[in-house]
DNA sequence: TGCCAGGCCCTCTTTAGGGCCTT
C-alpha cells in the first residue's frame, strides 16, 4: 500500500445542515488509516461563536456549556489542517463533510490537497440489498463492534473507518483484487450499480 | 427551530419528483 492509500476518515458535528446558510462546525473527529490499521486520531470540540439549538444538543449530546469552554473554530481548524495535510479523505456521505471542511478551511485561508471518497456511495454498491445505508445500519449489518454513542465526531469517524476497512476487505475477497487503490473507491462510487462488477473485473490481475 | 441544503439515485424519468443520507 502506498502513501496515497493512507487515508484520513473524518466526521463533523455541526450546528445544522448547510454552511451556506450560516451553519458552523462544533466538533471534528478523525482517524488515520495506514496499512489497514488506525494509527492516529484527532478530536476536538470547537466554539462556533453562537448558541446551538436544543435539537443539536439532543442529537449530539454536545451542550452549549461544553462549547463555551472550547477553542474557537479557527484555532481548531488550523490544527486539523495540519493533521490532514497531504492525505486523501473518507467520510460517510462525504458531500456533507466536504462542504463544512471547505467552508471552515476557507475561513482561515488553509487549502488542502487530499481528495474525498465516500463510504456511503461505496456501500450502496457493495451492499446493494441493505435495508438502509446510514452509518449505524451498515455497522450493524457487518457485525462491527460498537462501544460508544453515534453522533459524536470521533466515534462516528472510528465506525466509518472500521466499515471502510470491512469494505476494502470484501472488495479484495469477493472480486479477487490484490489491492484496492483509493482511486478505485472513487471510481466505484460513481459507477452505476449494474456496471460495478464490470469495473471490478477490470482491476483483477 | 429542527422546517432548512445538496448530491446521489430510482422511477410512474430525462421538459420531474421524491426518498435517502449527512447535522
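For chain A, the Kirkwood radius over C-alpha pairs fed into Stokes-Einstein at 20 °C and 1.002 mPa s yields D = 122 µm² per second.
Applying Stokes-Einstein at 25 °C and 0.890 mPa s to the Kirkwood radius of the stretch A:1-97, computed over alpha-carbon pairs, gives a translational diffusion coefficient of 172 µm² s⁻¹. The ranking of A:46, A:167 from fewest to most other beta carbons within 10 Å of each one's beta carbon is A:167, A:46.
Of all the options A:47, A:143, A:93, the one that moves most in a Gaussian network model of chain A with Cα springs shorter than 10 angstrom is A:143. For the stretch A:151-194, the fraction of alpha-carbon pairs lying more than 12 Å apart is 68 percent, rounded to a whole number. Taking every C-alpha pair closer than 8 Å and separated by at least 6 residues, the mean separation divided by the residue count of chain A gives a relative contact order of 23 percent. As a proxy for reagent exposure, A:41, A:152 were ordered by neighbouring Cβ count within 10 angstrom, fewest first; the result is A:41, A:152.
Just A:140, A:157, A:71 to compare: in a GNM of chain A, with alpha carbon springs under 10 Å, which one fluctuates most? Of the options given, A:140 has the highest mean-square fluctuation.
For chain A, DSSP calls about 70 percent of its internal beta bridges antiparallel. Which of rounded, prolate or oblate describes the stretch A:37-158 when judged by the alpha-carbon gyration tensor and an a/c cut-off of 1.5? Oblate.
Every number here is computed from the coordinates shown, using simple stated rules; none is lab data. Quick caveat, the model's predicted, so the values are computed rather than measured. Positions of Cβ are generated from backbone atoms using ideal geometry, with glycine treated the same way; all protein chains shown enter the neighbour counts.
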